[in-house]
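Colleague: One structure, pasted below without further comment.
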Amino acid sequence: MEAQQEVFLTNDGLQRAVSLLEMLRTEGRAKVARYLHEAQESGDVIDNAAYEDAKNEQARLEGRIMELEQLVAKARVIDHVETDVVSLGSVVQLSTADGREYQYTIVGAFEADPGAKRISNESPVGKALLGHRAGDHVIVSTPGGVKEYTILSVR
């Protein structure tokens, strides 16, 4: 049997996952049930494309609900302690050799949103930063090439 792999979430991330799960269980299932009912009402279910679509939508919804249930069951809330070492929950200020600066929050994969400057601890940059301190130089191999950062601060 496969060991359950923990999923790291902030308290906010866990609350969002639980809220989404509840919404899918209630509103999502009700919507799919209406869709199925309407498709069945429209006649023969054997060659009914709308009925097939509804059944496929139901399967996708139930799959997503199962994923979220497993995520919530495996969730370990990140209790970030202020430290000078980059860890889950850290806010890291970085600079590049050409003087550009970046600030990222290190989060678990479920909460990653690069556009919002929240990077996963499993991403190349997130993984490379873990365990380092302010002043450290970090070289990261990314799909876009090799990047070099200096850690300015960790909080």
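Each value in this text was obtained by applying a stated rule to the coordinates, not by laboratory testing. Quick caveat, the model's predicted, so the values are computed rather than measured.
Colleague: Calculate how large, on average over all directions, the projected area of the Cα convex hull of the chain is; give the answer in nm² to one decimal.
Modeller: Mean projected area of the Cα convex hull: 12.9 nm².
Colleague: Can you give the log10 of the normalised intensity I(q)/I(0) at q = 0.11, 0.16, 0.25 Å⁻¹, computed with Debye over equal Cα scatterers of region 91-154?
Modeller: -0.21, -0.46, -1.15
Colleague: Between HIS132 and residues 5 or more places away or on another chain, which pairs have amide H atoms under 5 Å apart, with H built 1.01 Å from N, and which residues are they?
Modeller: Here the answer is VAL86, since their amide H atoms fall under 5 Å of that of HIS132.
Colleague: Next question, about the same structure. What's the Kirkwood radius of region 7-77 in Å, using all Cα pairs?
Modeller: 13.4 Å
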